[in-house]
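S.K.: My structure is below; once you've seen it, I'll send some questions.
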Amino acid sequence: MLNFSRGTLWAGIITAGLAQLRTTSAHSAGQINSAEYGAHTTKNVTGALGLMAGLEYGAMLGSAVMPGVGTVLGTIVGGVLGDRVGNSIGMEVGNLIFNNQAVKQLPERAGLIN
């Protein structure tokens, strides 16, 4: 299990919070529908987790290769790659979940919607 440092944890929380604020504003303004909102929310969470993991693992790898400078470069590269991978995976998963016709019909099938 990865034990995130405080700085990494705060970076993830701030990044996810700001992204979710933009997503919520777009939804409130009618720029995205509810399914897109769900997909973007999933992307925001996984993007933050990817960023956090990338920062931690990048710093570890950079420190192993070249302590000091390698730590800084590894943190930057790891953070960017982790964020991109997390966002890509999150958007794909979010779209599969929230834009799937079978999932959209679940409330109707459960008798929650007439």
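Nothing in this text is a laboratory measurement; each read-out follows from the coordinates by a stated rule. The structure displayed is predicted, hence computed values, not measured ones. In this analysis, Cβ positions are derived from the backbone assuming ideal geometry, glycine residues included, and neighbour counts consider all displayed protein chains.
S.K.: If you work out log10 I(q)/I(0) by the Debye sum over Cα atoms at q = 0.11, 0.17, 0.22 Å⁻¹ from the coordinates, which of (1) -0.65, -0.95, -1.10; (2) -0.46, -0.82, -1.09; (3) -0.59, -1.05, -1.11 do you get?
M.R.: Answer label, from the structure shown: (2).
S.K.: To the nearest 500 deg cm²/dmol, what mean residue ellipticity at 222 nm is calculated for the chain from DSSP H runs of n ≥ 4 alone, each contributing -39,500 (n - 2.57), summed and divided by the residues?
M.R.: -28000 deg cm²/dmol
S.K.: Using only the alpha-carbon atoms of the range 1-65, report the extent along each of the three principal axes, biggest first, to the nearest angstrom.
M.R.: 48, 20, 17
S.K.: Here is a follow-up. Which log10 I(q)/I(0) values, to two decimals, does the range 55-101 give at q = 0.24 Å⁻¹ under the Debye formula with one point per Cα?
M.R.: Each listed q corresponds, in turn, to -0.71.
S.K.: Moving on to the next point. Which value, in debye to the nearest 20, gives the size of the charge dipole of the chain about its Cα centre, when Lys and Arg are +1 and Asp and Glu are -1 at the Cβ?
M.R.: 100
S.K.: Go ahead and set up a Gaussian network model of the chain, Cα springs under 10 Å, then flag whichever of ALA26, ALA48, ALA16 fluctuates most.
M.R.: Fluctuation is largest for ALA26.
S.K.: Mind telling me which of GLY30, GLY82, GLY94 comes out most flexible in a GNM of the chain, alpha-carbon contacts under 10 Å?
M.R.: Of the options given, GLY30 has the highest mean-square fluctuation.
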